[in-house]
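Let me begin by presenting the structure, written as structure tokens, before commenting on it.
The values are calculated or read from the model by the stated rules, or taken from the named source; none is laboratory data. It should be emphasised that the depicted structure is a prediction, and the values quoted were computed from it without experimental measurement. Positions of Cβ are generated from backbone atoms using ideal geometry, with glycine treated the same way; all protein chains shown enter the neighbour counts. To get the accessible areas, we keep the full protein, side chains included, count just its heavy atoms, and leave off ligands, DNA and RNA. Shrake-Rupley method; radii C 1.70, N 1.55, O 1.52, S 1.80 Å.
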Amino acid sequence: MIYPEGEKILRKKCTPVKRVRQEARQLAQDLVDTLNAHPEGIGLAAPQIGAQQRIVVVRLGGGSDSEQEPGPPLPLIDPKIVEAGDEKPDFDGCLSLPGLYGKTVRPHHLRITGLYSNGRAFDRVFDGFDAVVVHHELDHLDGVLFIDRISRLEDLYRVQEDEHGEPVRVPLTSLTQV
Ligand SMILES: [Zn+2]
């Protein structure tokens, strides 16, 4: 189950894992399984499945500029930003806010350190839309949702089907619709 916006845990700051033991490995696997069950999703963070731990999963290589399907969910434990740059607007959505999309400004270059689910340390660079996905998921670990990064109502919209079954953007006319 994915916790929807409004659940208190989505607004909490998550706790570092520090050492990868069975419990953290299991949580990482639960995140992988949950994201695999939602093929429309490209990232998921522990609080979205009710766990207050600093673990996220991301599917890399996606985005509107990519021809390929994004890769399998990759767990990142205790991810920490050590370098961020190339801030520009991109599209944002969230499995905790189904059907809602928006234009947010995020770094398109990130250097992140952390641990893989096998306990090995990593230090790697994410560029382009991958950086957007990683940044969105890291926000979740500090209780931040993408709607917090929307500066104007016009930047928020829903995607619905029109009478021909084609997806169309429907702008929101008031924030109470969020
Ligand atoms: Zn999200």
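Within the range 111-120, does at least one residue satisfy the condition of being within 24 Å of V56 (Cβ to Cβ), in contact with a strand residue (DSSP E or B) (Cβ under 9 Å, 6 or more places away or on another chain) and within 16 Å of the ligand (Cβ to nearest atom)? Steps first, answer last, please.
Residues of the range 111-120 within 24 Å of V56 (Cβ to Cβ): 111-120.
Next cut, in contact with a strand residue (DSSP E or B) (Cβ under 9 Å, 6 or more places away or on another chain) only: 111-117, 119.
Now restrict to residues that are within 16 Å of the ligand (Cβ to nearest atom): none.
Within the range 111-120, not a single residue is within 24 Å of V56 (Cβ to Cβ), in contact with a strand residue (DSSP E or B) (Cβ under 9 Å, 6 or more places away or on another chain) and within 16 Å of the ligand (Cβ to nearest atom).
List pairs: first in the range 142-162 and within 16 Å of the ligand (Cβ to nearest atom), second assigned to a helix (DSSP H, G or I) and not aliphatic (A, V, I, L, M), Cβ under 6 Å, 6+ apart or cross-chain?
Hits for this filter: G143/R11.
Given the criterion open to solvent by 60 Å² or more (accessible area, probe 1.4 Å), outside any loop (DSSP other than H, G, I, E, B) and more than 14 Å from the ligand (Cβ to nearest atom), identify the matching residue among K13, K88, K18. Before you say what the answer is, go through the steps one by one.
On the way: K13 fails: outside any loop (DSSP other than H, G, I, E, B); K18 fails: outside any loop (DSSP other than H, G, I, E, B).
K88 is the lone residue from the list that is open to solvent by 60 Å² or more (accessible area, probe 1.4 Å), outside any loop (DSSP other than H, G, I, E, B) and more than 14 Å from the ligand (Cβ to nearest atom).
Of all residues in the range 49-73, how many are within 12 Å of the chain's Cα centre (by Cα) and either open to solvent by 30 Å² or more (accessible area, probe 1.4 Å) or away from the ligand (no atom under 16 Å from the Cβ) (or both)? Working first, answer last.
Looking only at the range 49-73, we keep the residues that are within 12 Å of the chain's Cα centre (by Cα), and these are 55-60, 73.
Checking the rest, the ones that are also either open to solvent by 30 Å² or more (accessible area, probe 1.4 Å) or away from the ligand (no atom under 16 Å from the Cβ) (or both) come to 59-60.
Adding up the residues that qualify gives 2.
Give P98, P70 a once-over and let me know the one that is touching a strand residue (DSSP E or B) at 6+ places or on another chain (Cβ under 9 Å) and of a type outside the set (D, E, K, R). Spell out the reasoning first.
Numbers: P98 fails: touching a strand residue (DSSP E or B) at 6+ places or on another chain (Cβ under 9 Å).
Exactly one of P98, P70 is touching a strand residue (DSSP E or B) at 6+ places or on another chain (Cβ under 9 Å) and of a type outside the set (D, E, K, R), namely P70.
Within the range 122-167, take every residue that is within 18 Å of C94 (Cα to Cα) and in a strand (DSSP E or B) and give me the one that is least open to solvent (accessible area, probe 1.4 Å).
Out of the qualifying residues, it is L156.
Quick test of your reading of the structure: K80 fulfils all but one of (1) open to solvent by 40 Å² or more (accessible area, probe 1.4 Å); (2) within 14 Å of the ligand (Cβ to nearest atom); (3) assigned to a strand (DSSP E or B). Name the failing condition by number.
(2)
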